[in-house]
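The values are calculated or read from the model by the stated rules, or taken from the named source; none is laboratory data. Note that this is a predicted model, so its numbers are computed, not measured. Neighbour counts are summed over all protein chains in view; Cβ atoms, including those assigned to glycine, are modelled from backbone coordinates with ideal geometry. In case anyone asks, the SASA skips ligands and DNA or RNA and just uses the protein heavy atoms, side chains included. Shrake-Rupley method; radii C 1.70, N 1.55, O 1.52, S 1.80 Å.
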Amino acid sequence: MEITYKDIHEFKKEDLESLFLSVEWSSGHFPDKLVVAMRNFRTVYSAWDGDKLVGMVCAMDDGIMTAYLHYMLVRPEYHQQGIGHKLLAMMKEHYESYLRIALIAYNAELGFYESCGFKRAEDASPMFITSLWT
């Protein structure tokens with residue numbers, strides 16, 4: 001298995017649906033919306049095993065100071081192979097001149113993100129409003 005990494009914004013909805021549902025994310029039920037979202041993100045890096053989409057990371061940014069990582073996911077059967085670390089390294093390199101790269105991590109993911117150099121904010125809590133369809 002040789003993983004290749006791409007800097008693209010155009011994806012087939014079936015590829016996105018399969019990847020997102022592999023990690024049980026509800027957004028996978030809206031593949032048409034995901035296709036549009038990928039086009040609209042400032043930065044998207046993806047990981048491929050042949051023609052199979054196995055991981056991706058997406059970011060929004062203000063153009064100079066702060067980047068927000070929104071999606072970071074790797075198919076479960078590809079965990080522990082360095083794919084997530086590589087995708088985050090690509091983002092860190094892309095945004096190295098920015099003051100901050102921010103993300104929201106679930107508690108179970110904290111160790112992974114810390115191993116990639118992120119630090120938990122002790123004085124902040126993630127907040128969001130989720131639509132009723134989730």
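So, in the range 22-55, exactly how many residues are open to solvent by less than 30 Å² (accessible area, probe 1.4 Å) and touching a Lys or Arg at 6+ places or on another chain (Cβ under 9 Å)?
Within the range 22-55, residues that are open to solvent by less than 30 Å² (accessible area, probe 1.4 Å) and touching a Lys or Arg at 6+ places or on another chain (Cβ under 9 Å) number 12.
Got at least one residue in the range 75-88 being open to solvent by less than 20 Å² (accessible area, probe 1.4 Å) and among the β-branched types (Val, Ile, Thr)?
Checked against the condition, which is being open to solvent by less than 20 Å² (accessible area, probe 1.4 Å) and among the β-branched types (Val, Ile, Thr), the range 75-88 yields at least one hit.
Pick from Arg100, Arg39: which is at pLDDT below 95 and charged (D, E, K, R)?
Arg100
Of all the residues that make up the range 8-36, how many are within 18 Å of Trp48 (Cα to Cα) and touching a residue at least 40 places away in the same chain (Cβ under 8 Å)?
Adding up the residues that qualify gives 5.
Are there any pairs, at least 6 apart or on different chains, whose C-beta atoms fall under 8 Å, with the first in the range 48-66 and in contact (Cβ under 8 Å) with a residue 40 or more places away in the chain and the second open to solvent by 40 Å² or more (accessible area, probe 1.4 Å) and in a loop (DSSP other than H, G, I, E, B), and if so, which?
So the pair list comes out as Asp49/Met1; Asp49/Glu2; Ala59/Arg42.
Here are some conditions: (1) touching a strand residue (DSSP E or B) at 6+ places or on another chain (Cβ under 8 Å); (2) in a loop (DSSP other than H, G, I, E, B). Ala47 meets all but one. Which one does it not meet?
(2)
Take the range 118-129 and flag every residue that is more than 16 Å from the chain's Cα centre (by Cα) and of a type outside the set (D, E, K, R).
Answer for the range 118-129, where residues must be more than 16 Å from the chain's Cα centre (by Cα) and of a type outside the set (D, E, K, R): Ala121, Ala124, Ser125, Pro126, Met127, Phe128, Ile129.
Over 15 Å from Val57 (Cα atoms) and surrounded by 10 or more Cβ atoms within 10 Å (Cβ to Cβ): is that true of Tyr98 in this structure?
yes
Condition check ((1) farther than 30 Å from Glu2 by Cα; (2) open to solvent by 50 Å² or more (accessible area, probe 1.4 Å)) across all residues:
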{"site": "Met60", "(1), (2)": "no, yes"}
{"site": "Ala67", "(1), (2)": "no, no"}
{"site": "Lys92", "(1), (2)": "no, yes"}
{"site": "Ala105", "(1), (2)": "no, no"}
{"site": "Tyr113", "(1), (2)": "no, no"}
{"site": "Phe118", "(1), (2)": "no, no"}
{"site": "Phe128", "(1), (2)": "yes, yes"}
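Tell me, please, whether a residue that is aliphatic (A, V, I, L, M), in a strand (DSSP E or B) and at negative phi can be found in the range 15-38.
So far as the range 15-38 goes, no, none of its residues is aliphatic (A, V, I, L, M), in a strand (DSSP E or B) and at negative phi.
Hey, any hits in the range 116-129 for a residue that's under 25 Å from Asp15 (Cβ atoms) and at pLDDT below 90?
So far as the range 116-129 goes, yes, one or more of its residues are under 25 Å from Asp15 (Cβ atoms) and at pLDDT below 90.
Out of all the residues in the range 85-99, which are among the aromatic types (Phe, Trp, Tyr) and closer than 14 Å to Phe118 by Cα?
Tyr95
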